[in-house]
1. Residues of segment 376-417 with amide nitrogen under 15 Å from the 7 Å Cα-to-Cβ point of Phe324?
2. I'd like the distance separating the alpha-carbon centroids of segment 72-86 and segment 295-326, in whole Å.
3. Could you tell me the relative contact order of segment 130-293? Use alpha-carbon pairs under 8 Å, at least six residues apart, and round to a whole percent.
4. Quick one: length gained pulling Asn196 to Tyr216 fully straight, 0.36 nm per residue minus the C-alpha distance?
5. Using a Debye calculation, one point per C-alpha and no hydration shell, please list log10 I(q)/I(0) for segment 130-293 at q = 0.10, 0.14 Å⁻¹ in order.
6. Convex hull volume of the Cα atoms in segment 322-419, per residue, in Å³?
7. Using the 10 angstrom Cβ neighbour count as an exposure proxy, how do His297, His319 rank, fewest first?
8. What trypsin sites (Lys or Arg not before Pro) does segment 365-400 have in DSSP loop regions with at most 16 other beta carbons within 10 Å?
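Computed from the coordinates by the stated procedures, all read-outs in this text should not be read as laboratory data. As the structure is a computational prediction, the values presented were derived from the model and not from experiment. Here the Cβ is made from the backbone with ideal geometry for all residues, glycine too, and neighbour counts use every protein chain on show.
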Amino acid sequence: MPMSANDLTYQDYLDRINIQDVLVHAGYTLNRRDGLRYPSYVRHDSNGRRIHGDKFIVTNHGTSCFRPPEQKTYNLISLIKTFPSMFPEHVRCTNPDHLVNEVCRTLLNVPNEHRGVIVGFQKEAKPFNLNEYSIHAFRKYDFDSIKKFYPFFVTRGINLDTQKAFSAHFILATKEAQSEGKTYTNLSFPLYVPGNDNVVGLEERGRPRLDGSSGYKGKAMGSNSSEGLWIAQLGKGGLAEAKHVYWFESAYDAMSYYQLHVKDKPELNKAIFVSTGGNPTVGQMRGMLKQTPTALHHICFDNDLAGRQFAENFRNELHQQVRFNIKETPERKPYLDSLPFAQDLANGNIDLLPDSVKEKYAKYESAWEETMSMRQSRLCFDGDIKEQEKQAVALNKDFRSSLRAFLGITSMQDTQSVREIPFKGKDWNEQLLLEREEGRLAADETDETRNVTSGIDLDADGEIEACESEEKRQNHKVRR
C-alpha cells in the first residue's frame with residue numbers, strides 16, 4: 001500500500017532521510033578536494049566556480065551539519081526552516097512547516113495530499129480601551145494592596161522582592177462580561193508599541209484554580225497583538241540607551257528569570273524585559289529593534305521546538321536590521337548583493353571581499369574546521385580542544401572586525417544577540433518552580449536527619465517529636 005502523506009511525522013523524516021540528500025536537493029555538491037575528515041558540500045556559480053564561504057560540513061553519521069563560520073548545528077528539519085530560500089519549493093510554501101513537508105515528501109517520493117481549509121466567520125473586534133477596566137495597582141508599602149496579588153504569584157514561585165522590582169509593570173484589571181453579567185479580574189501586563197506610551201492591550205493571567213492548576217491565560221479583547229509588547233524597563237533612560245534587552249514568551253517567564261539570576265547579575269536592575277505574550281511576530285521584533293539600536297538582545301524563549309524557531313526568526317530580523325545600517329558603495333555592492341536575505345553579514349561570497357579580509361576569513365575557517373574535527377574524533381584531550389576553540393574564536397573576532405571596517409559600520413551597529421535557555425524544564429518559570437521544589441526536598445531531608453539524630457539519645461518525648469516530624473513531612477509530600 002502506498003504511504004499516505006498524512007501518516008508521516010518529523011521523526012519519520014529524521015529516520016529516513018540523510019541530510020546529504022537534502023543538501024544535494026538544495027543545489028550543493030560533495031567537495032571531494034576538501035580533505036576534511038567529514039563530508040563537505042559546496043555550491044558553484046553559473047560559471048562552475050566554487051562560491052567560497054557557502055559550505056556545509058556533515059557530521060554525526062549524516063544526521064546533522066554545520067555551516068562555517070557559524071557554530072550552530074542543524075538537523076534536516078532546522079536546516080530547511082533556517083534556509084528556506086535554498087529550496088525550490090519555498091516559492092509556493094510560505095509556512096516553514098509546509099516547506100519541510102514539501103521537501104521531505106519530494107525526497108521520499110511520497111505524493112502530497114491536498115486538504116481543504118474551512119475558514120469560519122470572525123467578528124471584527126473593536127480596538128482595545130483601557131478605560132473599560134477597573135484598575136488596581138501594586139503599591140509596594142501597602143499590605144492590603146499587595147495581598148490582592150498574592151494568589152497570582154504564589155503558585156508561580158515569584159517572591160515579593162521580584163514583585164516589587166516589577167511593580168510598575170503589572171496591574172489587576174477587572175471588567176464586566178456583558179453577555180454573562182459577571183465580572184472577571186485578571187493579573188494584567190500592559191502592552192505597548194515600542195516608542196509609544198499608549199496602552200494597546202493586556203497580556204492576561206487568570207486566578208489559579210482550586211486544584212492548583214493554571215487558570216486562564218491570553219490577551220484582552222482588541223489587543224494589538226501584532227505590534228504590542230509588554231515592556232518592563234527597570235532602569236532609567238529611554239529605549240535608545242538600552243544596553244541589554246531580554247526577550248520572553250510570557251511576563252511570568254521574565255520575572256522568573258530575574259528572580260533566578262539577579263543575585264549573580266545585578267545589572268538586571270537596569271535592563272529591559274520584554275514579553276511577546278505568545279508567538280513573537282515580525283511587527284513586535286522590528287518595532288523593538290528599531291528603538292534599541294545598540295542593545296545586546298538576550299533571546300530567552302522556551303526550550304522547545306517552537307522556542308528554537310522563534311529564536312531563529314529573531315536572529316533573521318537582527319540580520320536585516322544590521323543590513324539597513326550599511327551604506328552601499330560600488331566597492332561594497334558586489335558582496336552585499338551576494339549576501340542571502342536575512343542572513344549574517346559573514347554569509348556572503350567571501351571571494352568578493354578585499355584580499356586582506358579574505359585572508360583573515362581563511363585563517364578562521366581553517367581553525368574552526370579543525371576544532372570541529374577534534375570534537376567529533378573523540379581522540380583529542382579536552383584541554384587541546386579548548387585551546388583550539390580559543391584560537392578559532394580569536395580569529396573570528398579579527399575577521400569580524402575587518403569585515404565591519406570594510407562595510408563601514410561599528411561594533412555597536414553590528415547588533416548582537418545571545419541565546420539563553422533554562423537548564424531545567426521548558427521555560428524559566430518551570431525552572432524556578434523546579435528549583436523551589438528541590439530546595440524544599442533538601443530542607444525536608446535536613447530536618448529528617450536532625451530529628452532522627454536528636455531522637456537517638458533523647459527521652460520518649462524526644463522520640464515522639466521526631467516521629468511526629470516525620471509524619472508531618474510525609475503528609476506535606478502527599479498534599480504537594
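1. Within reach of a label on Phe324, which here means backbone N under 15 Å from a point 7 Å along Cα→Cβ, segment 376-417 contributes 413-416.
2. Segment 72-86 and segment 295-326 have Cα centres separated by 15 Å.
3. Details: 287 pairs, mean separation 32.3, N = 164.
Relative contact order comes out at 20 percent.
4. Full-extension gain reported as 4.4 nm.
5. -0.36, -0.72
6. So the per-residue Cα hull volume is 116 Å³.
7. Working: His297 25, His319 19.
Least to most surrounded, the residues fall as His319, His297.
8. Arg378
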